[in-house]
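In what follows, a single structure is set out as structure tokens and then discussed.
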């Protein structure tokens, strides 16, 4: 098969949906020599902030001279950015070559993994074959039964904030969701946890106690600067740290990353690139400024908690400015909650229809927005960006959010202006 045939087969596999469990991933990994056992991991789970924490940790490792694999989802700008080494995404030919190999293994062994399971093993193979020193690994869904959880002994585990998301799979309440996330905790392995409510914290701490896993919690940082150019803060013995990602929640994410990096230092790893790494950390679609005239920010806030953080960050930047919102949401999310959080600041919303089986028609967003008294127009992502930029006056800020699935097109258009 040529590369296009392979990608077609991958996309056909994606139509079958996802599964929740480790058996299929373990079977495929076992059939190719268990590459995960040859790698050193930092494993990250949580509801919000996983991608940003991953960006801070991986950037610090890279700037300390370690060859660093990155496995993340969802993607924003490119399908292949889910698998990276030192911030360079896997090239199409390498992806297709590995996919063809694994698809052949599946046929010979009568295995039927999902795309995520196949790509998880693919990432491990790619990182092992390229002799990565570290892999910063983002869990896809939950933790305990997520495909990434076939790893056995990470160097450190990280759990970011816990919120109500994927309740149809993980459970209807915070305790059940926290228990699923806590499934990444391994016996004796340090666990770092971010800001969360007491119910979630109790579940995670109890799990850690049962696993004899030492726990460290991210504390509140001392903010020195917080504006559109980024942030400066002190955190424990890390003084005058700088990050380019904007918003108070990004300082919290950075503090959690520093907790994990501190654990690695205490475990004997040399990390002399933390300062430069934190400053250079970048992830597309995380409070990303794509245009400054007018000010245009993109953020993948995809649940009410994330939307609240984005709204707070934008509110801090607004002063006397008005907010124009571009909003596309998946139908299995709390779209009413998201619209309420963001819509409370908006003078207008451009509603975007998201694609695929989980896609939500923009007309649904429009109906909710109009009930809230907010003018709302349904259009394509590109048209939404175009109209928002045309409409924006000097005192306006544009925010595109709700889902990562459409942001790539909006970011590309915004950066072309």
Practice item. Considering every residue within the stretch 110-130, establish whether at least one is within 24 Å of residue 8 (Cβ to Cβ) and free of Cβ contacts under 8 Å to residues at least 12 places away in the same chain. Key: yes
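This table checks each residue for (1) surrounded by 15 or more Cβ atoms within 10 Å (Cβ to Cβ); (2) under 16 Å from the mean Cα position of the chain (by Cα).
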site	(1), (2)
66	yes, no
71	yes, yes
76	yes, yes
81	yes, yes
96	yes, no
99	yes, no
104	no, no
115	yes, no
Exercise for review: Being closer than 25 Å to residue 65 by Cβ, surrounded by fewer than 23 Cβ atoms within 10 Å (Cβ to Cβ) and assigned by TED's automatic domain parsing to the domain that holds residue 61 narrows it down to one of 201, 205, 209, 270, so name that one.
Suggested key: 270
Exercise for review: Starting from residues that are in contact with a strand residue (DSSP E or B) (Cβ under 8 Å, 6 or more places away or on another chain) and free of Cβ contacts under 8 Å to residues at least 60 places away in the same chain, keep the ones in the stretch 279-310 and report whichever is farthest from residue 321 (Cα to Cα).
Suggested key: 279
Practice item. Need at least 2 residues that are farther than 25 Å from residue 311 by Cβ and without any contact (Cβ under 8 Å) to a residue 40 or more places away in the chain per element, so show me which strands (runs of 3 or more DSSP E) inside the stretch 182-278 make the cut, counting only ones lying wholly within it. Key: 238-243
Review point. From the list 90, 70, 83, which residue is more than 30 Å from residue 338 (Cα to Cα) and modelled with pLDDT of 95 or more?
Key: 90
Revision key, fill the gap. Going through the stretch 380-402 in order, the residues found to be under 26 Å from residue 316 (Cβ atoms) and not in a helix (DSSP H, G or I) are 392, 393, 394, 395, 396, 397, 398, 399, 400, 401, 402
Review point. Could you say whether any residue in the stretch 47-63 is in contact with a helix residue (DSSP H, G or I) (Cβ under 9 Å, 6 or more places away or on another chain), crowded, with 22+ Cβ neighbours inside 10 Å, in a loop (DSSP other than H, G, I, E, B) and in the same structural domain as residue 176 (by TED's automatic domain parsing)?
Key: yes
Practice item. Look through 405, 377, 354 and report the one residue that is buried (at least 20 other Cβ atoms within 10 Å of the Cβ), outside any helix (DSSP H, G or I) and on the phi < 0 side of the Ramachandran plot. Key: 354
Practice item. For the stretch 107-129, enumerate the residues that are part of a helix (DSSP H, G or I), touching a helix residue (DSSP H, G or I) at 6+ places or on another chain (Cβ under 7 Å) and more than 15 Å from residue 69 (Cβ to Cβ). Key: 109, 115, 116, 117, 118
Practice item. Could you list, in sequence order, all residues of the stretch 83-94 that are crowded, with 16+ Cβ neighbours inside 10 Å and assigned to a helix (DSSP H, G or I)? Key: 94
**Study point:** Hits in the stretch 130-140 - residues which are surrounded by fewer than 19 Cβ atoms within 10 Å (Cβ to Cβ) and touching a helix residue (DSSP H, G or I) at 6+ places or on another chain (Cβ under 8 Å)
**Key:** 133
**Study point:** Among residues of the stretch 170-181, those that are surrounded by 21 or more Cβ atoms within 10 Å (Cβ to Cβ) and in a loop (DSSP other than H, G, I, E, B), counted
**Key:** 0
Exercise for review: Answer yes if at least one residue in the stretch 317-326 is in a loop (DSSP other than H, G, I, E, B) and in contact with a helix residue (DSSP H, G or I) (Cβ under 8 Å, 6 or more places away or on another chain), and no otherwise.
Suggested key: no
Exercise for review: Taking the options 325, 314, name whichever one is at pLDDT below 90 and in contact with a strand residue (DSSP E or B) (Cβ under 6 Å, 6 or more places away or on another chain).
Suggested key: 314
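The values are calculated or read from the model by the stated rules, or taken from the named source; none is laboratory data. Just so you know, these numbers come straight off a predicted model, no measurement behind them. Counting neighbours? That spans all protein chains shown, and the Cβs are built from the backbone with ideal geometry, glycine included.
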